[in-house]
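A short worksheet on the structure shown next.
The values are calculated or read from the model by the stated rules, or taken from the named source; none is laboratory data. Just so we're clear, the structure is a prediction, and the values are computed from it rather than from any experiment. Cβ coordinates were reconstructed from backbone atoms using ideal geometry, including for glycine residues, and neighbour counts include every protein chain displayed. We work out accessible area using only protein heavy atoms, side chains counted, and drop any ligands, DNA or RNA first. Shrake-Rupley method; radii C 1.70, N 1.55, O 1.52, S 1.80 Å.
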Amino acid sequence: MNLPSIFGPQDLHLFNEGTHRRLWQKLGAHLLQIDGTWGTHFSVWAPNAEAVGVIGDFNGWSGGYPLSPVHSSGVWAGFVPGVGKGTLYKYRIQTRDGHHLEKADPFGFFHETPPRTASVVWDLEYAWNDQTWMTQRHKANALGAPMSIYEVHVGSWMRVPEEGFRSLSYGELAERLIPYVKALGFTHIELMPVMEHPFFGSWGYQVTGYFAPTSRYGTPQDLMAFIDRCHQEGIGVILDWVPSHFPTDGHGLGHFDGTHLYEHEDPRQGFHPDWQSAIFNYGRNEVRSFLTSSAIFWLKVFHADGLRVDGVASMLYLDYSRNEGDWVPNRYGGRENIDAIEMLRQLNRACYAECPDIQMIAEESTAWGGVSRPPEVGGLGFGLKWDMGWMHDTLKYFARDPIHRGYHQNELTFRGVYYLNENFALPLSHDEVVHGKGSLVAKMPGDDWQKLANLRLLLGYMWTLSGKKLLFMGAEFAQWSEWNHDGSLDWHLTAFPRHSQVQRFLARLNELYQSEPSLYELEFEADGFSWVRLHDATNAVLAYLRRGKRQDDWLLVVINATPVIRPGYKLGVPLGVQWREILNSDSTEFGGSGVMNPWPLTTTREPMDGREYSVAPTLPPLGITVFKPEH
């Protein structure tokens with residue numbers, strides 16, 4: 001066939017080699033003009049098909065406009081005159097055993113709203129207005145910059161009760177979410193997967209459209225406009241992205257051309273027992289091109305400021321969630337998935353090469369070494385890794401009755417052993433407030449006052465530790481009920497002072513985090529954090545110092561994890577100056593009891609905790625206090 005200009009031998013070579021980074025520009029449906037005739041060029045990878053055609057509302061969904069093989073690449077392509085934007089279509093694939101499959105376009109930019117499953121001919125034209133952000137975002141996304149992330153599920157953040165309790169559109173989300181996030185002081189929004197997915201209850205983690213935002217909330221351009229607005233308001237956008245597995249719905253990637261094309265054929269390698277889904281064959285070159293192109297698509301076309309890569313642990317281990325005999329060892333007899341490791345390294349190299357000012361973030365729940373270290377030194381090449389160990393230990397500690405906390409001090413101090421091993425982000429994510437686990441505030445012990453005090457203490461602890469911050473929606477105003485994806489956040493609670501006061505405290509934490517260089521400049525360096533008091537199990541008190549790049553840039557953080565007021569609690573400090581209280585979670589402004597340190601603390605030349613000077617603040621009940629030296 002006469003190959004249309006959008007295709008070229010180099011594209012086919014890179015695709016088959018596994019190194020193509022922009023497949024969305026070549027495969028799928030593209031509106032173009034050939035020899036004066038407008039139409040759509042279709043192309044799809046189906047190397048084991050007997051024949052491939054395009055069906056849609058343009059031909060009554062019957063027969064199929066035939067596509068032709070492109071050399072020996074496994075790609076089928078053809079130009080259909082007269083087919084324009086908005087046309088519904090699928091690929092009709094005849095398998096070698098005589099069956100016919102109807103598949104959505106793996107590279108489609110837009111799809112029908114589920115439960116409908118057809119793809120929609122669409123374009124990606126959009127006039128961006130975020131040039132200022134894009135030229136400066138390397139500063140906001142840098143490892144040495146403050147990053148506090150608000151995690152959002154678009155479908156359930158807020159709903160419209162007057163209209164059947166429907167979800168917000170991307171446009172409505174921009175009008176309501178952006179001012180809210182800006183008022184609270186978050187630097188970034190993270191969207192749980194907005195890629196097209198058939199089952200709403202999967203929260204987006206069962207993706208069928210790796211190049212299409214879900215049409216539940218609008219068009220691709222509507223999502224672009226949302227991200228554009230975020231950027232114009234100085235807010236970064238991180239997208240959840242799922243290369244670890246995909247659903248087996250008939251219109252999707254599974255058994256695509258009558259064979260196991262995207263997934264492994266052996267279920268011990270190609271089927272995920274936990275999620276009842278298919279696992280990509282990371283050793284297949286074309287699959288690596290597909291996944292790498294998908295990641296770069298969201299970074300380039302949608303201006304995403306980073307991707308949070310879901311389920312990395314399930315990719316790294318061949319025996320992940322499998323019993324003995326239910327998995328296939330690698331060629332060395334080990335449990336490491338060598339193909340997935342190489343794919344992740346290739347992915348991160350490509351993403352940072354294309355967009356050096358973004359962050360690739362791994363949700364990796366094991367002790368795998370070097371997740372956020374460069375591939376050149378044996379790492380996986382991510383910029384950040386979620387600290388799941390911190391999350392687990394911290395929530396376990398805070399769920400304990402204060403009378404028992406002193407016996408479990410190690411649950412908070414253990415992080416000091418490994419916190420420099422990776423570039424960590426501290427997540428209190430959606431996974432911790434579903435499936436009977438209860439909301440964050442509901443996990444806390446005691447009466448309602450103590451629960452709220454404990455929540456403020458937890459948030460203050462998180463925001464003053466080294467590591468980027470991520471908080472799931474609803475926790476910022478102490479929602480009592482756990483998250484329900486079919487509902488909305490309990491916004492009525494914000495009318496009550498004790499809930500709005502938690503919001504106010506979180507806003508203050510974000511303000512403090514971004515205004516004090518000692519909390520972010522050296523987050524991933526040893527000089528940025530040091531313990532002052534970590535063994536006072538009797539009183540369940542912890543104290544630590546945070547430090548910035550300047551010699552005199554310090555903060556002293558003190559935690560009292562019991563409801564007992566502790567006046568005159570002596571602690572060592574590095575400077576012989578007065579220390580002023582700049583944050584106290586027990587302030588009445590935040591719903592506390594008002595046990596404060598209203599006057600600057602006077603230092604004495606009394607060595608303590610390995611430091612030359614000491615101070616003696618009053619520690620409020622179930623409270624966190626932060627002190628700053630006055631120079």
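Tally up the residues in the stretch 280-318 that are assigned to a helix (DSSP H, G or I), of a type in the set (D, E, K, R) and closer than 23 Å to Phe226 by Cα, please.
Of the residues in the stretch 280-318, 1 are assigned to a helix (DSSP H, G or I), of a type in the set (D, E, K, R) and closer than 23 Å to Phe226 by Cα.
Of the residues Glu125, Glu151, which single one is closer than 26 Å to Ile296 by Cβ, in contact (Cβ under 8 Å) with a residue 60 or more places away in the chain and open to solvent by 40 Å² or more (accessible area, probe 1.4 Å)?
Result: Glu125 is the single residue among Glu125, Glu151 that is closer than 26 Å to Ile296 by Cβ, in contact (Cβ under 8 Å) with a residue 60 or more places away in the chain and open to solvent by 40 Å² or more (accessible area, probe 1.4 Å).
Say whether the condition of being among the acidic types (Asp, Glu), open to solvent by less than 50 Å² (accessible area, probe 1.4 Å), farther than 17 Å from Ala616 by Cα and touching a residue at least 60 places away in the same chain (Cβ under 8 Å) is met by at least one residue in the stretch 510-517.
Within the stretch 510-517, one or more residues are among the acidic types (Asp, Glu), open to solvent by less than 50 Å² (accessible area, probe 1.4 Å), farther than 17 Å from Ala616 by Cα and touching a residue at least 60 places away in the same chain (Cβ under 8 Å).
Six or more apart or on different chains, Cβ atoms under 6 Å: show the pairs whose first residue is in the stretch 548-567 and without any contact (Cβ under 8 Å) to a residue 60 or more places away in the chain and under 16 Å from Trp463 (Cβ atoms) and whose second is acidic (Asp, Glu) and not in a strand (DSSP E or B).
Gly548/Glu521
From the list Gly416, Gly369, Gly438, exactly one residue is open to solvent by 10 Å² or more (accessible area, probe 1.4 Å), in contact (Cβ under 8 Å) with a residue 24 or more places away in the chain and under 25 Å from Asp586 (Cβ atoms). Which is it? Let's see the steps before the verdict.
On the way: Gly416 fails: under 25 Å from Asp586 (Cβ atoms); Gly369 fails: under 25 Å from Asp586 (Cβ atoms).
After ruling out the rest, the residue left standing is Gly438.
Which one of the conditions (1) over 28 Å from Gly594 (Cα atoms); (2) open to solvent by less than 60 Å² (accessible area, probe 1.4 Å); (3) polar (S, T, N, Q) does Gln551 fail to meet, given that it meets all the rest?
(2) is the only condition that Gln551 fails.
Identify, please: which residue in the stretch 554-582 is open to solvent by 10 Å² or more (accessible area, probe 1.4 Å) and part of a strand (DSSP E or B) and is, among those, farthest from Leu420 (Cα to Cα)?
Arg566
Restricting to the stretch 464-482, count the residues that are closer than 19 Å to Leu556 by Cβ, in contact with a strand residue (DSSP E or B) (Cβ under 6 Å, 6 or more places away or on another chain) and of a type in the set (A, V, I, L, M, F, W, C).
0
Could you say which residue among Ala353, Ala425 is touching a Gly at 6+ places or on another chain (Cβ under 9 Å), modelled with pLDDT of 95 or more and of a type in the set (A, V, I, L, M)?
Ala425
Exactly one of these conditions fails for Asn323: (1) open to solvent by 40 Å² or more (accessible area, probe 1.4 Å); (2) among the polar types (S, T, N, Q); (3) not in a loop (DSSP other than H, G, I, E, B). Give me its number.
All conditions pass for Asn323, except number (3).
For the stretch 460-516, what are the residues that are over 22 Å from Trp386 (Cα atoms), within 24 Å of the chain's Cα centre (by Cα) and among the small types (Gly, Ala, Ser)?
Ala478, Ser481, Gly487, Ser488, Ala507, listed by residue number.
Kindly check whether there is at least one residue in the stretch 54-71 that is under 27 Å from Thr292 (Cα atoms), buried (at least 22 other Cβ atoms within 10 Å of the Cβ) and touching a Phe, Trp or Tyr at 6+ places or on another chain (Cβ under 7 Å).
yes
Quick one: Cys355 ticks every box in (1) open to solvent by less than 10 Å² (accessible area, probe 1.4 Å); (2) within 17 Å of the chain's Cα centre (by Cα) except a single one, so which number is it?
Failing condition for Cys355: (2).
What are the residue pairs meeting all of these: first residue in the stretch 227-254, first residue part of a helix (DSSP H, G or I), second residue of a type in the set (Asp, Glu), Cβ atoms under 7 Å, and 6 or more apart or on different chains?
Pairs that qualify, where the first residue is part of a helix (DSSP H, G or I) and the partner is of a type in the set (Asp, Glu), are Asp228/Asp130; His231/Asp130; Gln232/Asp130.
So, in the stretch 590-631, how many residues would count as being more than 19 Å from Ala540 (Cα to Cα), assigned to a strand (DSSP E or B) and out of contact with any Asp or Glu (no Cβ under 9 Å at 6 or more places or on another chain)?
2
Quick one: is Gly28 open to solvent by less than 10 Å² (accessible area, probe 1.4 Å) and either touching a residue at least 12 places away in the same chain (Cβ under 8 Å) or more than 23 Å from Ala295 (Cα to Cα) (or both)?
Yes.
Given the condition crowded, with 22+ Cβ neighbours inside 10 Å and either more than 23 Å from Asn16 (Cα to Cα) or modelled with pLDDT of 95 or more (or both), answer yes or no: does some residue in the stretch 262-269 qualify?
yes
Can you name every residue in the stretch 269-288 that is of a type in the set (Gly, Ala, Ser) and touching a strand residue (DSSP E or B) at 6+ places or on another chain (Cβ under 9 Å)?
Step one: filter the stretch 269-288 for residues of a type in the set (Gly, Ala, Ser), giving 270, 277-278, 283.
Answer for the stretch 269-288, where residues must be of a type in the set (Gly, Ala, Ser) and touching a strand residue (DSSP E or B) at 6+ places or on another chain (Cβ under 9 Å): Gly270, Ser277, Ala278.
Considering only residues that are assigned to a loop (DSSP other than H, G, I, E, B) and basic (Lys, Arg), look in the stretch 80-105 and name the one that is farthest from Leu31 (Cα to Cα).
Per the stated criteria, the residue is Arg96.
For Asn348, are the conditions met, namely being outside any loop (DSSP other than H, G, I, E, B), touching a strand residue (DSSP E or B) at 6+ places or on another chain (Cβ under 7 Å), open to solvent by less than 40 Å² (accessible area, probe 1.4 Å) and among the polar types (S, T, N, Q)?
Answer is yes for this residue.
Take the conditions assigned to a loop (DSSP other than H, G, I, E, B), touching a helix residue (DSSP H, G or I) at 6+ places or on another chain (Cβ under 7 Å) and modelled with pLDDT of 95 or more and apply them to Gly171. Does it pass?
No: the conditions fail for Gly171.
Conditions (1) crowded, with 22+ Cβ neighbours inside 10 Å; (2) touching a strand residue (DSSP E or B) at 6+ places or on another chain (Cβ under 8 Å); (3) farther than 30 Å from Leu512 by Cβ, marked per residue:
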| residue | (1), (2), (3) |
| --- | --- |
| Arg92 | yes, yes, yes |
| Gly108 | yes, yes, yes |
| Glu112 | no, yes, yes |
| His138 | no, no, no |
| Ala142 | no, no, no |
| Met147 | yes, yes, no |
| Pro161 | no, no, yes |
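Quick one: in the stretch 194-226, which of the residues that are without any contact (Cβ under 8 Å) to a residue 60 or more places away in the chain and open to solvent by 10 Å² or more (accessible area, probe 1.4 Å) is farthest from Trp133 (Cα to Cα)?
Going through the qualifying residues, I end up with Ser202.
Considering (1) closer than 30 Å to Ser156 by Cα; (2) open to solvent by less than 50 Å² (accessible area, probe 1.4 Å); (3) among the small types (Gly, Ala, Ser), say which one Ala495 fails and leave the rest.
Unmet for Ala495, out of (1) closer than 30 Å to Ser156 by Cα; (2) open to solvent by less than 50 Å² (accessible area, probe 1.4 Å); (3) among the small types (Gly, Ala, Ser): (2).
Out of all the residues in the stretch 60-77, is one or more outside any strand (DSSP E or B), among the aromatic types (Phe, Trp, Tyr) and over 30 Å from Ala304 (Cβ atoms)?
yes
Tally up the residues in the stretch 263-277 that are free of Cβ contacts under 8 Å to residues at least 40 places away in the same chain, assigned to a strand (DSSP E or B) and more than 21 Å from Gln346 (Cβ to Cβ), please.
Total meeting the criteria: 1.
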